[in-house]
Each structure stands twice: as C-alpha cells, then as structure tokens.
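The values are calculated or read from the model by the stated rules, or taken from the named source; none is laboratory data. Computed from a predicted model, the values in this text were never measured in an experiment. Cβ sites come from the backbone with ideal geometry, for glycine too, and all protein chains shown count toward neighbours. Protein only, heavy atoms only, side chains kept; ligands, DNA and RNA dropped before computing areas. Shrake-Rupley method; radii C 1.70, N 1.55, O 1.52, S 1.80 Å.
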Amino acid sequence: MSQTFDTIFAGGTIVNHDGTGLGDVGVKDGRIAAIGDLSQASAGERVDVSGLHVLPGVLDTQVHLREPGAEHKENLEAGGRAAVLGGVTAVFEMPNTKPPTSDAPALAEKVRRASNRMQCDFAFYAGATTENADILGDLERETGCCGVKIFMGSSTGNLLVPDDDHVRAVLRNVSRRVAVHSEDEYRLRERRELAETGNVLTHPVWRDEETAIRCTNRLLRLAREEGKRIHVLHVTTADEMDILAANKDIATVEATPQHLTLAAPDCYEEMGTRAQMNPPIRDARHRAGLWRGLAAGIVDIIGSDHAPHTLEEKAQAYPKSPSGMPGVQTLVPIMLNHVNEGRLSLARFVDLTSHGPNRVFGLSAKGRLAVGYDADLTIVDMKKSRKIEDSWIASVSAWTPFDGMTVTGWPVGTIVRGRRAMWEDEIPGAAEGQPIRFVDTLPRGA
Ligand code: DOR
C-alpha cells in the first residue's frame with residue numbers, strides 16, 4: 001500500500017543523526033512521517049528541494065524580544081518574522097522585559113501574546129530575582145517555560161542576582177537546568193570608572209576577562225554544592241572554555257555567532273557602539289579559544305543573544321549606549337559561512353543548533369529530523385552567496401552588526417510543524433507559533 005503525506009520535501013540532501021545523504025522527507029499532520037525514498041508515495045504537495053540541504057529546524061535558545069515594555073526596540077511578532085526569515089524555527093526568549101518574566105502571570109501573558117502571533121514556536125525563560133526563589137520551582141514548570149535565567153552581572157533591565165547566597169537559593173529551589181549570564185557584579189562595580197565616556201574601546205577593559213572567569217568559577221562551585229545543572233550563556237574567554245571542559249558533568253555551554261566572528265579592537269573601530277554587548281566581544285586570542293572549545297565539543301549550543309536596541313539609542317555616547325545587537329536573523333547565514341570557510345562541519349552546525357538544544361533542554365519532539373518529531377526544517381542553499389544588509393532585517397530595530405558582509409550559505413525555507421513559515425524570503429501564511437513542550441514538564445494527560 002503506497003503511503004500518503006500532506007507534503008513531501010523531495011530530493012534534498014538530508015543532514016541528521018544518520019549522517020548526510022539524499023532523500024525525501026514526508027510530513028503528515030505537522031510531524032515527520034517518513035524519511036527515505038518516497039518517490040512512489042502520494043502527497044498533497046511535493047516540494048522539489050534538490051540541490052538544497054534539509055536540516056532539522058534551527059533553534060535559537062537566546063533572544064530578547066522586548067515585549068512587553070520596550071516595543072520600540074522589538075516585539076514578539078517582528079522577532080518571530082526575523083527568526084523565520086533567518087531560517088530559525090523556534091526561539092527561547094529572555095526574561096528582562098518590563099515587567100520582567102519573574103512570576104506566573106507575566107509568563108502566561110507572554111505565552112498568550114506569542115501564540116498565533118509569532119511565525120516560529122517559542123518558549124520563555126523565567127527570570128530569577130533576589131526575592132522570587134521560592135516560586136521558581138513552580139514557575140519553571142509552567143506551560144511555555146524553558147527554565148530559569150539568572151543575571152549574575154547587571155546588563156539591560158533590572159534583573160540581577162549578584163551574591164552567592166541568593167544564587168544558591170535559586171539553584172536549591174529549581175530542578176531544571178538554569179541558564180546564567182556569568183559576569184561578576186562586584187568586579188563590574190569596582191571597575192565602572194574604566195568605561196571612558198565616548199570610548200567604546202574601553203568596554204572590554206571595564207568588563208574584562210577576569211569579570212567573566214571569576215563569576216563562572218563561583219557559579220560552578222555553587223552549582224556543584226547544590227547538585228544542580230547549569231547552562232553558561234555566551235561564553236567569551238579562552239580561559240572559561242578550559243574551566244568548563246573540567247566541569248562538563250554539570251555545565252553546558254553557549255557561544256554566539258558574533259563572539260565567533262568579530263574581534264576587538266577592530267569591531268569597535270569599525271562599528272563603534274554597534275559592537276557593544278555584554279559580555280563584550282574580546283580580542284582574537286579569545287575568539288580562537290572559543291573556536292577551540294567548539295571544535296573540542298565543549299560548546300553545546302550556538303545562540304544569537306538577539307538583543308535589539310534602536311540605532312538612535314546606540315548613537316548615545318558610550319557608556320550611555322545600551323549593550324546588545326540583533327542576531328536571530330543572521331545566526332544561520334553567519335554560521336553557514338563559517339561552514340563554507342571550513343571552521344566547522346555542517347553536521348556540527350546541526351549538533352549545535354538542533355541536537356544541542358534537544359539534549360540540553362529536553363525538548364519534546366523537537367530538535368531532530370526523525371520520524372515522529374515535529375516537522376521543523378531549515379532548508380538551506382550552501383552555494384548561495386548574498387550580502388547581509390540592514391534593509392533585510394525584520395527586527396523593529398532594523399539593523400545588523402553584519403551589514404555589508406557577503407556570506408555563502410543561505411536559508412531558503414523555514415518549515416514550522418510542516419507549514420512554510422518562510423520560503424525564498426517571503427512569509428506566505430498567518431502566524432501559528434505555539435509553545436514548545438519539554439520532556440521534564442509534560443502536563444498529566446499530555
Ligand atoms: O548585551 C547584552 N544585551 N547582554 C545581555 O545580557 C542583555 C542584552 C539586552 O537585553 O540588551
């Protein structure tokens with residue numbers, strides 16, 4: 001009996017757990033129903049993807065979408081469009097909004113606003129404060145929550161848990177992996193005057209290596225004391241890679257495309273405050289250390305830390321200029337360009353952007369191109385060269401640190417649960433984004 005599918009993506013080069021090879025992907029009811037030679041099967045629609053690579057849907061597990069509270073920088077709808085235009089099928093959004101996502105009503109409100117308004121699927125981090133440790137065990141289990149985030153050093157917004165006692169209290173009260181912005185708040189305060197007015201080159205001097213290293217050592221000690229798992233966000237130093245390599249039993253690691261691509265001092269000289277983010281872009285020695293960590297398997301995930309601010313805000317004299325840069329739309333093209341330039345394999349890219357999130361966060365039926373999983377696909381043309389330009393950026397902030405860079409490797413299609421969310425730069429249908437489910441927190445009867 002011949003099989004029938006809603007859609008067959010036919011003739012692409014599939015990159016998944018099984019390696020790389022030609023094949024067809026059959027989709028039924030939003031799930032992957034078959035992988036292989038489906039030339040004899042029937043389908044409502046057969047999409048020819050020959051000459052293209054078919055990857056499991058790319059997840060960006062660190063984005064700031066600013067809604068509610070700072071919609072002049074970004075909102076959930078525009079951020080979702082930016083994601084799918086860039087080949088991203090799902091995002092995890094950060095809690096430093098206004099109000100912060102630090103209680104159940106704030107989390108439920110974000111899920112309500114995002115549902116059927118974002119083109120991609122989504123989850124939200126719960127923000128830790130010095131006051132809410134006792135509710136985090138429940139909050140991290142709410143629908144649409146990907147876990148708890150701690151800011152140990154202050155960045156955009158007012159979420160901050162600077163001291164050991166409060167970090168310990170957070171870790172004690174949760175059971176899921178905790179994501180952490182690791183910069184030591186006390187050292188940041190001591191060194192604040194090293195940030196020279198009007199001189200963004202002093203950003204990585206103020207927020208130096210030791211600020212990050214000291215905090216990561218503290219965090220690892222606390223996590224070990226409490227027997228908890230941590231995910232260290234946007235690691236920036238070669239030294240932390242070595243430290244984290246010795247702690248892989250409890251720690252997972254994120255690197256960002258911008259820390260892997262840009263380097264000080266050039267990025268500050270060329271781009272000024274556009275290159276300003278926390279933790280900072282550092283020199284080429286540290287960038288090489290991040291690549292070594294990536295090659296060695298210490299890095300588990302690539303996340304963009306999409307952190308939009310308007311160019312008007314960025315034009316203020318440093319350090320009044322806010323830290324952060326858009327990135328969700330450029331993660332895939334920037335990293336595919338690195339693949340084409342030989343810095344990582346396409347299989348490792350898939351490991352970092354799909355299998356990594358699946359393993360680190362316990363995604364339910366997402367993050368693998370396998371039968372039974374959600375039909376989330378990132379379809380890319382590895383040969384296509386294109387210039388990244390501000391005018392392509394769908395974020396409300398409407399700019400990218402990679403403006404003017406020509407890359408090779410480009411997302412052609414973004415398939416979310418079987419539906420074309422993006423095809424050849426167009427967004428053909430209505431937004432149908434839904435909360436991601438997690439194996440650790442499935443509701444009864446799910
Ligand atoms: O540069 C940054 N910007 N780093 C962060 O940790 C926060 C982010 C933001 O929200 O703007």
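Structure notes:
- Test for MET271: is it within 18 Å of VAL407 (Cβ to Cβ), open to solvent by 40 Å² or more (accessible area, probe 1.4 Å), touching a residue at least 60 places away in the same chain (Cβ under 8 Å) and in a helix (DSSP H, G or I): yes
- Note on segment 220-237: residues that are more than 17 Å from ASP163 (Cβ to Cβ) and open to solvent by less than 10 Å² (accessible area, probe 1.4 Å) total 7.
- Some residue of segment 27-37 being open to solvent by 40 Å² or more (accessible area, probe 1.4 Å), part of a loop (DSSP other than H, G, I, E, B) and not β-branched (Val, Ile, Thr): yes
- The residues of segment 403-413 that are touching a residue at least 60 places away in the same chain (Cβ under 8 Å) and either in contact with a helix residue (DSSP H, G or I) (Cβ under 6 Å, 6 or more places away or on another chain) or closer than 16 Å to ASN75 by Cβ (or both), listed by number, are VAL407, THR408, GLY409, TRP410, PRO411.
- Among all positions in segment 61-74, there is at least one residue which is β-branched (Val, Ile, Thr), under 20 Å from the mean Cα position of the chain (by Cα) and open to solvent by less than 20 Å² (accessible area, probe 1.4 Å).
Here's the yes/no breakdown for (1) assigned to a helix (DSSP H, G or I); (2) away from the ligand (no atom under 16 Å from the Cβ); (3) hydrophobic (A, V, I, L, M, F, W, C):
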{"residue": "ARG287", "(1), (2), (3)": "yes, yes, no"}
{"residue": "VAL299", "(1), (2), (3)": "no, yes, yes"}
{"residue": "GLN316", "(1), (2), (3)": "no, no, no"}
{"residue": "PRO319", "(1), (2), (3)": "no, no, no"}
{"residue": "PRO333", "(1), (2), (3)": "yes, yes, no"}
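- Residues of segment 111-131 that are open to solvent by 10 Å² or more (accessible area, probe 1.4 Å) and under 16 Å from THR97 (Cα atoms): VAL111, ARG112, ARG113, THR129.
- Filter pass, THR261 being within 16 Å of the ligand (Cβ to nearest atom) and under 26 Å from GLY362 (Cβ atoms): no
- Options ASN96, ASN132: the member that is at pLDDT 95 or above and more than 16 Å from the ligand (Cβ to nearest atom): ASN132
- Scanning segment 80-99 for residues being outside any loop (DSSP other than H, G, I, E, B) and either closer than 21 Å to PHE438 by Cβ or in contact with a helix residue (DSSP H, G or I) (Cβ under 7 Å, 6 or more places away or on another chain) (or both) gives a total of 8.
- Any hit, segment 141-156, residues being open to solvent by 40 Å² or more (accessible area, probe 1.4 Å) and among the aromatic types (Phe, Trp, Tyr): no
- Taken across segment 102-113, residues that are touching a Lys or Arg at 6+ places or on another chain (Cβ under 8 Å) and either closer than 30 Å to VAL350 by Cβ or away from the ligand (no atom under 15 Å from the Cβ) (or both) do not occur at all.
- Residue check for VAL328: within 20 Å of the chain's Cα centre (by Cα), in a loop (DSSP other than H, G, I, E, B), over 23 Å from GLU209 (Cα atoms) and in contact (Cβ under 8 Å) with a residue 24 or more places away in the chain: yes
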